[in-house]
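> One structure, as structure tokens, below. Some questions next.
Computed from the coordinates by the stated procedures, all read-outs in this text should not be read as laboratory data. Given the structure is predicted, the values throughout are model-derived calculations rather than measurements. Here the Cβ positions follow ideal geometry from the backbone for every residue, glycine too, while neighbour counts run over all protein chains shown.
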Amino acid sequence: MTARIIDGKAFAAKVRAQVALQVATLTQEHGITPGLAVVLVGEDPASQVYVRNKGKQTKECGMASFEHKLDADTSEEALLSLIARLNADPAVHGILVQLPLPGHLNEDLVINAIAPEKDVDGFHISNVGLLATGQKAMVPCTPLGCLMMLREELGSLAGLNAVVVGRSNIVGKPMAQLLLRDSCTVTIAHSRTRDIEAVCREADILVAAVGRPQMVTGDWVKPGATVIDVGINRIEKDGGGTRLVGDVDFASAAEVAGAITPVPGGVGPMTIACLLANTLTACCRVNTLPEPKGLTA
Ligand code: GUN
């Protein structure tokens, strides 16, 4: 079997177009422009690229983008004071503090200082708890993007066996919660799981989010399964240079799977698209307007 390729780039463009349409309606009918504030502390090159892309795509969707670049040695007090100002600013509907933060800053403290209703990353403990108890939450962008692709690919997920490889707070755990909410039978596998290959082979839906290049090979995949690869790893190329690969060995897995996301061009583009969707959702909720259609969990 050769798997169907799930085109995350095209799907993300569709999500962004839907966001842009609903933003235009909000602005025209209610005079409200959703605003996203992104805070970057320090000069990590990868973070700078992400932040630039986020700002560009935010504006392209018709939303307001507020960028706050702080020096690497910014004090916790100064960062918390900026977050307090953004929490109180009615033009800001979403706040994202780019991670990782420099080592002297307490990430948990900083994330939990964001007003939960503006926490478009879904990392605040209130949102984690709301998601876990099946209540209306802000949902982390990468798992939300994966869920949207799975629903598009499979329709109802009810009753399917889902295995999430990886137990991070950012992807693995919220992904498992979302799949459970869609009535999957969910297993979280991790570095201490016994016979992880056999566990994965039971999966109708296999989500790999471990950060280990090409760990999941074709013999881990159930024939016909849908494979979602969250990994983005840079490896040395034969003959020099580097290339991006996922946590899944694409060539062997695509021989067995029914459908699979590539790296790059799979989950990656969906993350920013879902950040824009979450900003729109946050804006609608705070203004007690109907939730945007097709853009929430
Ligand atoms: N750094 C890498 N990915 C992310 C993300 O999704 N959110 C935040 N806040 N920081 C990140």
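> Got a sec? Which of Leu130, Leu109 is in a helix (DSSP H, G or I), of a type in the set (A, V, I, L, M, F, W, C) and surrounded by fewer than 13 Cβ atoms within 10 Å (Cβ to Cβ)?
Selected residue: Leu109, the only one of Leu130, Leu109 that is in a helix (DSSP H, G or I), of a type in the set (A, V, I, L, M, F, W, C) and surrounded by fewer than 13 Cβ atoms within 10 Å (Cβ to Cβ).
> Have a look at Thr296, Thr242, Thr288, Thr271 and point out the one that is over 20 Å from Val164 (Cβ atoms), of a type in the set (Val, Ile, Thr) and within 18 Å of the chain's Cα centre (by Cα).
Details: Thr242 fails: within 18 Å of the chain's Cα centre (by Cα); Thr288 fails: within 18 Å of the chain's Cα centre (by Cα); Thr271 fails: over 20 Å from Val164 (Cβ atoms).
Going through Thr296, Thr242, Thr288, Thr271 in turn, just one is over 20 Å from Val164 (Cβ atoms), of a type in the set (Val, Ile, Thr) and within 18 Å of the chain's Cα centre (by Cα): Thr296.
> Additional query: Inside the range 179-199, can you point out the residues that are surrounded by fewer than 24 Cβ atoms within 10 Å (Cβ to Cβ), within 14 Å of Ala297 (Cα to Cα) and under 19 Å from the mean Cα position of the chain (by Cα)?
Leu180, Arg181, Asp182
> Let me ask another. Scan the range 184-204 and give yes if some residue there is closer than 24 Å to Lys9 by Cα and either in contact (Cβ under 8 Å) with a residue 60 or more places away in the chain or in contact with a helix residue (DSSP H, G or I) (Cβ under 9 Å, 6 or more places away or on another chain) (or both), otherwise no. Please lay out each step first, then the result.
Narrowing the range 184-204 to residues closer than 24 Å to Lys9 by Cα: 204.
This time we only want the ones that are either in contact (Cβ under 8 Å) with a residue 60 or more places away in the chain or in contact with a helix residue (DSSP H, G or I) (Cβ under 9 Å, 6 or more places away or on another chain) (or both), so: 204.
Yes, because at least one residue in the range 184-204 is closer than 24 Å to Lys9 by Cα and either in contact (Cβ under 8 Å) with a residue 60 or more places away in the chain or in contact with a helix residue (DSSP H, G or I) (Cβ under 9 Å, 6 or more places away or on another chain) (or both).
> Within the range 206-216, is even one residue free of Cβ contacts under 8 Å to residues at least 40 places away in the same chain and within 16 Å of the ligand (Cβ to nearest atom)?
no
> So, one more: Give the residue, chosen from Val120, Val128, Val171, that is β-branched (Val, Ile, Thr), touching a Leu at 6+ places or on another chain (Cβ under 8 Å) and touching a residue at least 40 places away in the same chain (Cβ under 8 Å). Talk me through it step by step, then tell me what you get.
On the way: Val128 fails: touching a Leu at 6+ places or on another chain (Cβ under 8 Å); Val171 fails: touching a Leu at 6+ places or on another chain (Cβ under 8 Å).
The match here is Val120.
> Now for a separate question. Quick one: is Thr58 under 23 Å from Leu280 (Cβ atoms) and of a type outside the set (Asp, Glu)?
Numbers: under 23 Å from Leu280 (Cβ atoms): yes; of a type outside the set (Asp, Glu): yes.
Yes; evaluated as a whole, the condition is true for this residue.
> I want to confirm something. Restricting to the range 26-52 and keeping residues that are surrounded by 14 or more Cβ atoms within 10 Å (Cβ to Cβ) and polar (S, T, N, Q), which single residue is farthest from Ile95 (Cα to Cα)?
Of all residues in the range 26-52, those surrounded by 14 or more Cβ atoms within 10 Å (Cβ to Cβ) come to 26-27, 32-42, 44, 47-48, 50-51.
Next cut, polar (S, T, N, Q) only: 27, 33, 47-48.
Details: Thr27: 20, Thr33: 15, Ser47: 16, Gln48: 16 Å.
Out of the qualifying residues, it is Thr27.
> Sticking with this structure for a sec: Being assigned to a helix (DSSP H, G or I) and of a type outside the set (D, E, K, R) is the requirement here; does Ala162 meet it?
Values: assigned to a helix (DSSP H, G or I): no; of a type outside the set (D, E, K, R): yes.
No.
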